[in-house]
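Undergrad: My structure is below; once you've seen it, I'll send some questions.
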Amino acid sequence: MQIIESIANLKEEKNAIILAHNYVRGELQDIADVVGDSLELARSASATDASVIVFCGVDFMAETASILNPDKKVLIPDIGSICPMAQMLMVEDLIEAKKAHPDAKVVLYVNTLAEAKVHADCICTSANADRIVNAMESDTILFGPDINLGNYVRKHTDKKIIPVPAYGLCPTHHQITLSDLIKAKKAHPGAEVVVHPECVEEVQDMADQIASTSGMVKYCKHSDADEFLIGTEVGLIYRMKKEMPDKKFYPVSESAVCPQMKMHTLEKVERALREEIFEVKVPEMIQKEAIKPIMRMLDLSK
Ligand code: 13P
Ligand code: SF4
């Protein structure tokens, strides 16, 4: 295809790499240098020697790549790819919570804005949240914005978890209901249930495995089962089918689509590379502070 050739030529000419999250369209996963979860993509962004990073993912992921690489050009193919969960934590609310709990440490999900990360002791992703919380030097943790990831962590720690805000969530995972799962289990009684920790608690409670998106892929690879019910954004199933053609994957809910992840297309990737738009950059004052809790997470999850 001409457009794929054009992207390959532009990548070479500009010394660029393409990082893609597990939820983006299949055709983008196919041309990406790395396809992964938030932690893997942050690691790849911190390790690359490319001059340009084209980030096929949502705003906070591209922002994290830029914070880790302030001298590189980080481009996002569609500037509208904004994660609604990351918008749910207001910096003012976090500052108020810190005042109310001065001895607490702050662990923020990577799904937050850079301005909020500045106030965190450590960042976490769905792949390391319990480990990061347990590594903090306090018995009380302010954790946000995802209430469901917070509930998952609560079951894996003795520490007191205080959610900030009181009820942040992912609208896409919120659509995966217990009744969807019961229906799916009836249709595929032999399938193992593998879900993301952004799912509501009652869905998590019925799962055989709860993991990050790449953790879900790994679990299915190592499992002896050959059928799986997948409780997360449906784009992950493209990767699963591609890497495990002999196994069967069914979404718990077909409507679990993240519209923001689907905004990126081959045409937009080609244009972003050709015109070097849309660059993601945070002000230097914020970058210098936000990098600290991100680096701490990368150090703690080696
Ligand atoms: P992962 O880090 O598990 O890929 O999750 C990112 C995300 O936004 C899930 O909705
Ligand atoms: Fe944000 Fe949910 Fe989309 Fe993940 S799936 S990027 S948390 S809206």
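The values are calculated or read from the model by the stated rules, or taken from the named source; none is laboratory data. Just so it is clear, the structure is predicted and the values come from calculations on it, not from any experiment. Backbone-built Cβ (ideal geometry, glycine too); neighbour counts: all protein chains shown. Heavy atoms of the whole protein, side chains included, go into the accessibility calculation; ligands, DNA and RNA do not. Shrake-Rupley method; radii C 1.70, N 1.55, O 1.52, S 1.80 Å.
Undergrad: From largest accessible area down, sort H222, H119, H156; use a 1.4 Å probe on the protein chains.
TA: H222, H156, H119
Undergrad: Between the alpha-carbon centers of the range 90-167 and the range 1-79, tell me the distance in whole angstrom.
TA: Each part reduced to its Cα centre gives a spacing of 28 Å.
Undergrad: For the chain, what does -39500 (n - 2.57) per DSSP helix run (n ≥ 4), summed and divided by total residues, give at 222 nm, in deg cm²/dmol to the nearest 500?
TA: Computed ellipticity for the chain at 222 nm equals -12000 deg cm²/dmol.
Undergrad: Let me ask another. Considering only protein heavy atoms, what per residue accessible area in square angstrom results for the chain with a 1.4 angstrom probe?
TA: 43 Å²
Undergrad: Further question on the same structure: Please compute the Kirkwood hydrodynamic radius of the chain from all pairs of different C-alpha atoms, in Å with one decimal.
TA: 19.6 Å
Undergrad: Just the number, please: carbon plus sulfur as a percent of the accessible area of the chain, 1.4 Å probe, no ligands or DNA/RNA counted.
TA: Carbon and sulfur: 52 percent of the exposed surface of the chain.
Undergrad: On average, how much area does the Cα convex hull of the range 48-88 cover when viewed from any direction, in nm²?
TA: Its Cα hull, projected and averaged over all orientations, spans 2.9 nm².
Undergrad: Moving to a separate point now. Given points 7 Å out from each Cα along the Cα-Cβ axis, report the H188 to N9 separation in nanometres with one decimal.
TA: Taking the simple label geometry, H188 and N9 are separated by 4.2 nm.
Undergrad: If I stretch the segment between E279 and E243 completely, what's the gain in nm (0.36 nm per residue apart, minus their alpha carbon distance), one decimal?
TA: Difference between extended and current length: 9.8 nm.
Undergrad: Roughly what % antiparallel, to the nearest 5, for the DSSP beta bridges in the chain?
TA: Details: 1 of 34 bridges.
Taking every DSSP beta bridge with both residues in the chain, the antiparallel ones total about 5 percent.
Undergrad: Using the Karplus curve 6.51 cos²θ - 1.76 cosθ + 1.60 with θ = phi - 60°, what ³J(HN,Hα) values do you get for each residue of the range 56-73, in whole Hz, with x for Gly and Pro?
TA: After applying 6.51 cos²θ - 1.76 cosθ + 1.60, I find 8, x, 8, 3, 5, 6, 5, 4, 4, 4, 6, 4, 6, 9, x, 8, 9, 8 Hz.
Undergrad: What longest range of the chain stays clear of loop-exposed GluC sites (Glu not before Pro) (DSSP non-H/G/I/E/B, at most 16 other C-beta within 10 angstrom)? Please report the intermediate quantities before stating the final value.
TA: Numbers: sites that count: E137, E254, E276.
Result for the longest clean stretch: 1-136.
Undergrad: Can you give me the distance in nm between label points at A47 and E115, each placed 7 Å from the Cα along the Cα-to-Cβ direction?
TA: 3.4 nm
Undergrad: Quick one: which residues, 5 or more positions from V164 or on another chain, have an amide H under 5 Å from its amide H? H modelled 1.01 Å from N in the peptide plane, none for Pro or chain starts.
TA: Result for V164 returns F143, G144.
Undergrad: I need to check one value: relative contact order of the chain, counting alpha carbon pairs closer than 8 Å and at least 6 residues apart, in percent.
TA: 23 percent
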